[in-house]
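> The structure that follows is given in the form of structure tokens.
The values are calculated or read from the model by the stated rules, or taken from the named source; none is laboratory data. All of these numbers come straight from a predicted model, not from anything done at the bench. So basically every Cβ, Gly included, is an ideal-geometry build from the backbone, and we count neighbours across all protein chains shown. SASA here: full protein model, heavy atoms, side chains in, ligands and nucleic acids out. Shrake-Rupley method; radii C 1.70, N 1.55, O 1.52, S 1.80 Å.
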Amino acid sequence: MTGEPKHSPIVPGYGVSALADLSASVASSLGITHYQNVLGFTSAQAACILLVDGLGWEQLRDHPAAAPFLSELARNSRPITAGFPSTTVTSLASLCTALPPGQHGLLGYQVLVPGTGRLLNGLRWDSRVDPLQWQPHRTIYERAAEAGVYACHVAKGGFRGTGLTSALMRGADYRPADSMGAVAAQASAALNESRRALVVAYHGDLDGTGHVFGVGSEAWSNQLAHVDKLAEQIASSLPSGASLYVTADHGMVDVGSEDRIDYDELPELQAGVALLGGESRARHVYARPGAAADVLAAWRELLGERAWVLPRDEAIKEGWFGPVDPEMTERIGDVIAAMSGTSAVVATTTEPRETALFGMHGSLTPSEVLIPGLVYTAA
């Protein structure tokens, strides 16, 4: 197969309208002077960022009846962009550090640990990798505390103490919440207990529903209705003058069996490859020494219009990861494959759990990279 995708990828709007710019702007609006308020948010004493895992802008706009509260906020709003890859590990890092992926270094679901020949799965982590060295930058929570702003992170109790949490949420008062009701209650309490507060609340069930049933399913629409109620409950509990910001880490596409290219069954894709990283919609391909050019040519030939396939240097030059610090470069694949349409490079044998998913994300299509940046301010 030859050719290229018919449409260009949506390169994230780093420094202008990306997820990192949202958290930076919220922090700035609270008087945390390290950050720039590029989104022009109104000054406030307290703010809550509700990050709904998997709530893409296009999916929200397609389901107004299921989410009347959020849809009303979206009426006069424009989307912002997740970073690349459009995946939870990368986006949470951008939110919590207010930095693009090329600087915070969490560059995908699975990336190379340089010098080891191993991949780090950012969600499951690896005890051999020090979270503070892997992500060395100060977090928005640390800078908030230094500025006298109470900083709080609300999420499932099981996430506390994990490698990802240690890398990204240090400096936050971690409040466990294992249900939607608990998320609303914990966020409300945190906002109302301190005069100045920055609260980040995370909810992941919409993403899980999409992965299993797809974003076109009744199950996903039903779950969105619950998310809508969660946002409304937090909004109703805001102290006067406080703001709620509703955003996401990525959107999602449904990937049918006909759109799946199985890496484990295609020797042409495996030739010259040392490690296959990333995920099905955004692959980091790590080549054996001297094989990068051949790997690039093979992946371009086989994937054709089903993917944007670039060598590392070109992906960096095109701004896919934002500015890239030199020490982060080796974590990026020698070849990057960002899938177009609804195609995916799965690995049925080596990644059976991920291959079983119906809804997927990670690439640079509108369905994945466009996310809400909704604002509600209490009177």
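> Check PRO64, PRO5, PRO12, PRO68 and return the single one that is farther than 18 Å from THR90 by Cα and open to solvent by less than 70 Å² (accessible area, probe 1.4 Å). Don't jump to the end; show me each part of the working.
On the way: PRO64 fails: open to solvent by less than 70 Å² (accessible area, probe 1.4 Å); PRO12 fails: farther than 18 Å from THR90 by Cα; PRO68 fails: open to solvent by less than 70 Å² (accessible area, probe 1.4 Å).
Result: PRO5 is the single residue among PRO64, PRO5, PRO12, PRO68 that is farther than 18 Å from THR90 by Cα and open to solvent by less than 70 Å² (accessible area, probe 1.4 Å).
> Additional query: From the list LEU70, LEU39, pick out the single residue that is touching an Asp or Glu at 6+ places or on another chain (Cβ under 7 Å), within 19 Å of ILE140 (Cα to Cα) and at pLDDT 95 or above. It would help to see each step written out before you state the result.
Working: LEU70 fails: within 19 Å of ILE140 (Cα to Cα).
Every option except LEU39 fails the conditions.
> Let me ask something else about it. Given VAL369, VAL324, which one is aliphatic (A, V, I, L, M) and touching a strand residue (DSSP E or B) at 6+ places or on another chain (Cβ under 7 Å)? Show your work before the answer.
Details: VAL324 fails: touching a strand residue (DSSP E or B) at 6+ places or on another chain (Cβ under 7 Å).
Selected residue: VAL369, the only one of VAL369, VAL324 that is aliphatic (A, V, I, L, M) and touching a strand residue (DSSP E or B) at 6+ places or on another chain (Cβ under 7 Å).
> With over 30 Å from ARG195 (Cβ atoms), among the hydrophobic types (A, V, I, L, M, F, W, C), crowded, with 24+ Cβ neighbours inside 10 Å and touching a residue at least 40 places away in the same chain (Cβ under 8 Å) as the only criterion, which of ALA93, ALA82 stands out? First the steps, then the outcome.
Details: ALA93 fails: over 30 Å from ARG195 (Cβ atoms).
Being over 30 Å from ARG195 (Cβ atoms), among the hydrophobic types (A, V, I, L, M, F, W, C), crowded, with 24+ Cβ neighbours inside 10 Å and touching a residue at least 40 places away in the same chain (Cβ under 8 Å) holds for just one of ALA93, ALA82, which is ALA82.
> So which residues in segment 231-269 are over 30 Å from ALA46 (Cβ atoms), among the aromatic types (Phe, Trp, Tyr) and open to solvent by less than 10 Å² (accessible area, probe 1.4 Å), if there are any at all? Spell out how you get there, then give the answer.
At the first step, the residues of segment 231-269 found to be over 30 Å from ALA46 (Cβ atoms) are 252-269.
Add one more test, that the residue is among the aromatic types (Phe, Trp, Tyr), and what stays is 263.
Result: no residue meets the conditions.
> What number of residues within segment 86-142 are among the hydrophobic types (A, V, I, L, M, F, W, C), under 20 Å from ILE316 (Cβ atoms) and assigned to a helix (DSSP H, G or I)?
3
> Check ALA151, ALA144, ALA190, ALA182 and return the single one that is over 30 Å from LEU112 (Cβ atoms), out of contact with any Ser or Thr (no Cβ under 8 Å at 6 or more places or on another chain) and free of Cβ contacts under 8 Å to residues at least 40 places away in the same chain. It would help to see each step written out before you state the result.
Details: ALA151 fails: free of Cβ contacts under 8 Å to residues at least 40 places away in the same chain; ALA144 fails: free of Cβ contacts under 8 Å to residues at least 40 places away in the same chain; ALA190 fails: free of Cβ contacts under 8 Å to residues at least 40 places away in the same chain.
Unique residue meeting the criteria: ALA182.
> When segment 300-321 is examined, which residues are found to be open to solvent by less than 80 Å² (accessible area, probe 1.4 Å), farther than 29 Å from GLU258 by Cα and without any contact (Cβ under 8 Å) to a residue 60 or more places away in the chain?
From segment 300-321, those open to solvent by less than 80 Å² (accessible area, probe 1.4 Å) are 302-304, 306-312, 314-316, 319-321; that's our starting set.
Pick out the ones that are also farther than 29 Å from GLU258 by Cα and you get 314, 316, 319, 321.
Selection gives GLU314 alone.
> Any idea which residue in segment 260-291 is nearest to LEU19 (Cα to Cα), counting only those that are charged (D, E, K, R) and without any contact (Cβ under 8 Å) to a residue 60 or more places away in the chain?
From segment 260-291, those charged (D, E, K, R) are 260, 262, 264-265, 268, 279, 281, 283, 288; that's our starting set.
Okay, now just the ones that are also without any contact (Cβ under 8 Å) to a residue 60 or more places away in the chain, so 268, 288.
On the way: GLU268: 37, ARG288: 34 Å.
Applying the filter and picking the extreme gives ARG288.
> Out of the residues in segment 35-58 that are aromatic (Phe, Trp, Tyr) and touching a Leu at 6+ places or on another chain (Cβ under 9 Å), which is nearest to SER188 (Cα to Cα)? If you could, list the steps in order and put the result at the bottom.
At the first step, the residues of segment 35-58 found to be aromatic (Phe, Trp, Tyr) are 35, 41, 57.
Next, only the ones that are touching a Leu at 6+ places or on another chain (Cβ under 9 Å) stay: 41, 57.
On the way: PHE41: 21, TRP57: 25 Å.
Filtering first and then ranking leaves PHE41.
> Looking at segment 239-259, is at least one residue in a helix (DSSP H, G or I) and in contact (Cβ under 8 Å) with a residue 12 or more places away in the chain?
Scanning segment 239-259 turns up at least one residue that is in a helix (DSSP H, G or I) and in contact (Cβ under 8 Å) with a residue 12 or more places away in the chain.
> Could you tell me which residue of segment 174-201 is surrounded by the fewest Cβ atoms within 10 Å (Cβ to Cβ), considering only residues that are outside any helix (DSSP H, G or I) and over 22 Å from the mean Cα position of the chain (by Cα)? Walk me through it before giving the result.
Restricting attention to segment 174-201, the residues satisfying the condition of being outside any helix (DSSP H, G or I) are 174-179, 194-201.
Remaining after also requiring over 22 Å from the mean Cα position of the chain (by Cα): 194-197.
Values: SER194: 19, ARG195: 11, ARG196: 17, ALA197: 24.
Filtering segment 174-201 for residues that are outside any helix (DSSP H, G or I) and over 22 Å from the mean Cα position of the chain (by Cα), the one surrounded by the fewest Cβ atoms within 10 Å (Cβ to Cβ) comes out as ARG195.
> Could you figure out which of (1) open to solvent by less than 30 Å² (accessible area, probe 1.4 Å); (2) modelled with pLDDT under 95; (3) not hydroxyl-bearing (Ser, Thr, Tyr) isn't true of GLY214?
For GLY214, the exception is condition (2).
> Being acidic (Asp, Glu) and part of a loop (DSSP other than H, G, I, E, B): is that true of GLU4 here?
Details: acidic (Asp, Glu): yes; part of a loop (DSSP other than H, G, I, E, B): yes.
When the stated conditions are applied, GLU4 passes them.
> Taking the condition on the phi > 0 side of the Ramachandran plot and open to solvent by 20 Å² or more (accessible area, probe 1.4 Å), does GLY31 pass? Spell out how you get there, then give the answer.
Details: on the phi > 0 side of the Ramachandran plot: yes; open to solvent by 20 Å² or more (accessible area, probe 1.4 Å): yes.
Yes; evaluated as a whole, the condition is true for this residue.
> Do you know which of the residues in segment 322-351 that are among the hydroxyl-bearing types (Ser, Thr, Tyr) and open to solvent by 30 Å² or more (accessible area, probe 1.4 Å) is farthest from PRO114 (Cα to Cα)?
We begin by selecting, within segment 322-351, every residue among the hydroxyl-bearing types (Ser, Thr, Tyr); these are 329, 340, 342-343, 348-350.
Then keep just the ones that are open to solvent by 30 Å² or more (accessible area, probe 1.4 Å); that gives 329, 342, 348-350.
On the way: THR329: 9, THR342: 31, THR348: 26, THR349: 25, THR350: 21 Å.
Step by step, filter segment 322-351, then rank; the result is THR342.
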